[in-house]
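Have a look at the structure below, then the notes.
The values are calculated or read from the model by the stated rules, or taken from the named source; none is laboratory data. The structure presented is a predicted model; accordingly, all values stated were derived computationally and were not measured. Cβ coordinates were reconstructed from backbone atoms using ideal geometry, including for glycine residues, and neighbour counts include every protein chain displayed.
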């Protein structure tokens, strides 16, 4: 699979990107604005399973995120504000059972 990349006049990543592992599985998909991740992104393990998904604003996590174990089971879920955990997060074992709940201020 061929990568989809675009750049602005300054040579920074800008616009929609798709990148792939050498085995053809997706690595990451999302948008850049002037060299920083912006908007919704998905990242994948080399086995093709979703690793994490969430929104960026100016290169920092912002909004609801989910992160997965390599077996496809949910690992973390919660919110970021300006790149930092915010509010309640839930963390799960690789077998899918809830491990703990955390609160970020």
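Regarding residue 87, is this residue modelled with pLDDT of 95 or more, assigned to a strand (DSSP E or B) and either exposed (fewer than 13 other Cβ atoms within 10 Å of the Cβ) or over 12 Å from the mean Cα position of the chain (by Cα) (or both)? Yes. Select from the range 59-83 the residues that are more than 14 Å from the chain's Cα centre (by Cα) and closer than 27 Å to residue 15 by Cα and write down the one among them that is surrounded by the most Cβ atoms within 10 Å (Cβ to Cβ). The extreme case among them is 81. Taking strands (runs of 3 or more DSSP E) as the structural unit, those lying wholly within the range 1-84 and holding at least 1 residues that are out of contact with any strand residue (DSSP E or B) (no Cβ under 7 Å at 6 or more places or on another chain) correspond to 26-33, 36-44, 60-68.
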